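Below is one structure; the comments refer to it alone.
Just so it is clear, none of the values below were taken in a lab; they were calculated from the coordinates. Every value quoted in this text rests on a predicted model; they were computed, and no experiment measured them. Ideal geometry is used to build each Cβ from the backbone, glycine not excepted, and the neighbour counts take in all protein chains shown.
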Amino acid sequence: MENTTLGTKVPTQGLHHVTLVGADRQTSIDFWQGLLGMPFVFEQPNLDNPEESHLYFDPGDGRLITIFTNEGRTPHQKRVPQDIGAVHHIAFDVSQSVFEQIEERFKARGQAYVGPKDRGFMKSIYFRDPLGLLIELASYTFTVPEGFRVADIMITAHRARVAEGAYNIQQRHIALAIEQLMGTRDTL
């Protein structure tokens, strides 16, 4: 009989969902579906608190972002605390073509924002949801080659950055990472 022992790690396979505490139902729908275009997938009671509803939205990758709502809560623009253990912000991926239009679309809606910011390997725009949570819309400045993941590119680019002694990952590190990873493909 083979002796097998379980490891001590619990391997994850991706983000399952994020749940936020919202105000009323319509505020959540207007923001998540109305501004960010996330399909409203379904709604059911909060199974742990029957006074709340649980709204489910698709952020674009088929996973879910969910919101607990209560008609007795009203939205406020108070900044969400950023204490130790708190969520600083949530970032959503957008294509490069959509990213180039965000400012125009936000201006048309009167939506306040900060950016765009060039992060070397991605560009970002920041704004607050109706309850003060910081939201980032981010777009990678590269295309991931077939058969690889963003994480493969980033760890390889990070190694190049560290070897160079650079402050942060730049386009040259991304280009080198893609070249190195593509070089690992089988060839004659």
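Can you tell me which aspartates and glutamates have their Cα less than 15 Å from the Cα of residue 123? Leave out same-chain residues fewer than eight positions away.
93, 100, 103, 136
Stretched out fully, how many nm does the piece from residue 114 to residue 167 gain, at 0.36 nm a residue minus the Cα gap?
Full extension from residue 114 to residue 167 adds 16.8 nm.
Under 15 Å from the Cβ of residue 59, count the other residues' Cβ atoms, weight Lys and Arg +1, Asp and Glu -1, and hand me the total.
Within the 15 Å Cβ shell, the charges total -4.
Nearest 20 debye, what's the magnitude of the dipole of the stretch 32-188 about its Cα centre given +1 on Lys and Arg Cβ and -1 on Asp and Glu Cβ?
Values: 16 positive and 20 negative charges, 125 e Å.
Computed charge dipole of the stretch 32-188: roughly 600 debye.
Any idea how far apart residue 36 and residue 71 come out in nm if each label point goes 7 Å out from Cα toward Cβ?
The answer from the label model is 2.5 nm.
Please find the FRET efficiency linking residue 47 to residue 15, where r is the Cβ-Cβ separation and R0 is fixed at 22 Å, and quote it to the nearest 0.05.
Result of the calculation: an efficiency of 0.60.
Give the percent of DSSP beta bridges with both residues in the stretch 82-188 that are antiparallel, rounded to the nearest 5.
Roughly 70 percent of the DSSP beta bridges within the stretch 82-188 come out antiparallel.
If the viscosity is 0.890 mPa s and the temperature 25 °C, what translational diffusion coefficient in µm²/s does Stokes-Einstein give for the stretch 16-74 when Rh comes from Kirkwood over Cα pairs?
Rounded to a whole number, D works out at 218 µm²/s.
Please give every one of the lysines within straight-line cross-link reach of residue 117, meaning a C-alpha to C-alpha distance under 21 Å, and leave out same-chain neighbours fewer than 8 residues apart.
Filter leaves 107.
Relative contact order for the chain: what percent, with Cα pairs under 8 Å and sequence separation of 6 or more? All intermediate terms of the calculation are to be shown ahead of the outcome.
Values: 260 pairs, mean separation 29.4, N = 188.
Rounded, it is 16 percent for the chain.
Compute the relative contact order of the stretch 16-74 as a whole-number percentage, counting only Cα pairs closer than 8 Å that sit 6 or more residues apart in sequence.
Numbers: 110 pairs, mean separation 26.5, N = 59.
Value for the stretch 16-74: 45 percent.
Rounded to the nearest 500, what is the chain's calculated 222 nm mean residue ellipticity when only DSSP H runs of at least 4 contribute -39500 (n - 2.57) each, over all residues?
Values: 5 runs with 43 residues, N = 188.
Roughly -6500 deg cm²/dmol at 222 nm, from the helical runs in the chain.
What number comes out for the charge environment of residue 72, summing +1 per Lys or Arg and -1 per Asp or Glu over other residues with Cβ under 15 Å away?
Computed value for this residue: -2.
Which of rounded, prolate, oblate describes the chain, given a ≥ b ≥ c as roots of the alpha-carbon gyration tensor eigenvalues and a/c under 1.5 marking rounded, otherwise prolate only if a/b is larger than b/c?
oblate
Provide the packing ranking of 97-103, 29-35, i.e. peptides ordered by the mean count of other C-beta atoms within 10 Å per residue, highest first.
Ranked by mean Cβ neighbours within 10 Å, highest first: 29-35, 97-103.
By how many degrees, 0 to 90 and rounded to 10, does the Cα axis of helix 171-182 deviate from the longest principal axis of the chain?
Helix 171-182 sits roughly 60 degrees off the main axis of the chain.
Just to be sure I understand: of the beta bridges DSSP finds with both ends in the stretch 1-148, what percent are antiparallel, rounded to 5? Please list the in-between numbers first.
Working: 21 of 30 bridges.
Counting DSSP beta bridges with both partners in the stretch 1-148, the antiparallel share is about 70 percent.
Please report how far the C-alpha centroid of the stretch 27-91 lies from that of the stretch 143-178, rounded to the nearest whole angstrom.
Centre-to-centre (Cα) distance: 33 Å.
Simple spin-label model, 7 Å along Cα-to-Cβ: residue 92 to residue 186 in nm?
4.1
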